[in-house]
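Notes follow once the structure below has been shown.
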Amino acid sequence: MARLLGASLLILWLQPDGAKSQQKNNDQQFMQNPPFLTVLEGRNSILKCDYNKNIFEYFAWYKKYPSKGPTFLISVLSDDDKNKNGRFTVFLNQSAKHLSLHIAASQPEDSATYFCAASTQCLVGNCNQYPNL
């Protein structure tokens, strides 16, 4: 008896914002890379964000679907080096001025544009004050 085996292939499109953001008052810059990332369903992916000054206390990642506003995904405080929430883990390396988002077992709903963000102030219990940016 012959058995037909099928495999589905789904390619996810993960897109960091990719642009430099700059504040005129202190020339702070962020650079996200790679500009886009293609990942097979079930595989892990890493999005990176580099910055040029150590003045931040709070770092966050946001996710944006087409035709919708950004929504909060995960954050980390400068006192920590990582934070995990389900399949998402954010790593912070302040000495290298580097922030990364790791997505385990990528799913179709992960196809989106991702943004990194930072704040110089974080009040205890009020760090996620802009969950929907």
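The values are calculated or read from the model by the stated rules, or taken from the named source; none is laboratory data. All values reported here derive from a predicted model rather than from experimental measurement. Ideal geometry is used to build each Cβ from the backbone, glycine not excepted, and the neighbour counts take in all protein chains shown. Heavy atoms of the whole protein, side chains included, go into the accessibility calculation; ligands, DNA and RNA do not. Shrake-Rupley method; radii C 1.70, N 1.55, O 1.52, S 1.80 Å.
Surface calculation, 1.4 Å probe, protein heavy atoms: Tyr65 sits at approximately 80 Å² accessible.
If you plug the beta carbon distance of Ala105 and Phe72 into 1/(1 + (r/R0)^6) with R0 = 22 Å, you get a FRET efficiency near 0.60. Just need the relative contact order of the range 41-97 here, percent rounded to a whole number, with Cα pairs under 8 Å and 6+ apart. Value for the range 41-97: 27 percent.
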